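See below for the structure under consideration.
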Amino acid sequence: AAIMIEPTLEDKVDIIQNAIELAHILGLPEPKVAILSAVETVTSKIRSTIDAAALCKMADRGQIKGGLLDGPLAFDNAVSLVAAKTKGIKSVVAGNADILVVPDLESGNMVAKQLEYLANALMAGVVLGARVPIVLTSRADTAETRTASCAVVQLMAHRKREALKA
């Protein structure tokens, strides 16, 4: 959420693939990826819904691998089975998302801060897609968040070393 201000469709492909690969490192063999928007229907009036539809089709065609994608999904549909059922959404991702993909930096920052401060989520700040693992934390982050960030990049570095040996 802190690097890409307004990611293109191609950027989102890379973001999603990197997130899926991190989920694999963390032990999720087939992570569920919710591509968020303000609504759960595709409309030309909201670019993030068009991107979500394209990303899901790209996953269907093997351009994004290793996860199950669905979108566009509103936040409630991504994290609440009740909300998804109430809106008639039938999806293995809806209500069970492991990865939340946001449209842009502003929405990503808001989602992350809401999870942290309203839901007491443990955060970790890491940069994905670089040649080496990078910790990127906020000035306001706790020692626990900084420790979690270091733990995640340690796992990433270990996986990279193992891949180089193979």
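The values are calculated or read from the model by the stated rules, or taken from the named source; none is laboratory data. This one's a predicted model, so the numbers in the text were calculated from it and none came from an experiment. Note that we place each Cβ from the backbone using ideal geometry, even for glycine, and neighbour counts take in every protein chain shown.
Filter region 76-85 for residues that are surrounded by fewer than 18 Cβ atoms within 10 Å (Cβ to Cβ) and not aliphatic (A, V, I, L, M); which is farthest from Ala121 (Cα to Cα)?
That would be Lys85.
Within 15 Å of the chain's Cα centre (by Cα), farther than 20 Å from Leu115 by Cα and hydrophobic (A, V, I, L, M, F, W, C) - does that describe any residue in region 32-49?
Looking through region 32-49, none of the residues is within 15 Å of the chain's Cα centre (by Cα), farther than 20 Å from Leu115 by Cα and hydrophobic (A, V, I, L, M, F, W, C).
Would you confirm, using the coordinates I've provided, whether Arg139 is among the basic types (Lys, Arg), assigned to a helix (DSSP H, G or I) and over 15 Å from the mean Cα position of the chain (by Cα)?
Judged against the criteria, Arg139 is not a match.
So if I check each of Val13, Val33, Val42, which one is more than 17 Å from Ala74 (Cβ to Cβ) and modelled with pLDDT of 95 or more?
Of the residues listed, the single one that is more than 17 Å from Ala74 (Cβ to Cβ) and modelled with pLDDT of 95 or more is Val13.
Can you tell me which of Gly88, Gly71, Gly66, Gly62 is out of contact with any Pro (no Cβ under 9 Å at 6 or more places or on another chain), at pLDDT 95 or above and surrounded by 15 or more Cβ atoms within 10 Å (Cβ to Cβ)?
Criteria check complete, one pass: Gly71.
Suppose we keep only residues that are farther than 25 Å from Asp70 by Cβ and touching a residue at least 60 places away in the same chain (Cβ under 8 Å) within region 101-137. Which one would you say is surrounded by the fewest Cβ atoms within 10 Å (Cβ to Cβ)?
Leu136
Would you mention how many residues in region 86-117 are assigned by TED's automatic domain parsing to the domain that holds Ala2, of a type in the set (A, V, I, L, M) and more than 13 Å from the chain's Cα centre (by Cα)?
3
Can you tell me which of Glu40, Glu6, Glu30 is assigned to a loop (DSSP other than H, G, I, E, B) and touching a Gly at 6+ places or on another chain (Cβ under 7 Å)?
Glu30
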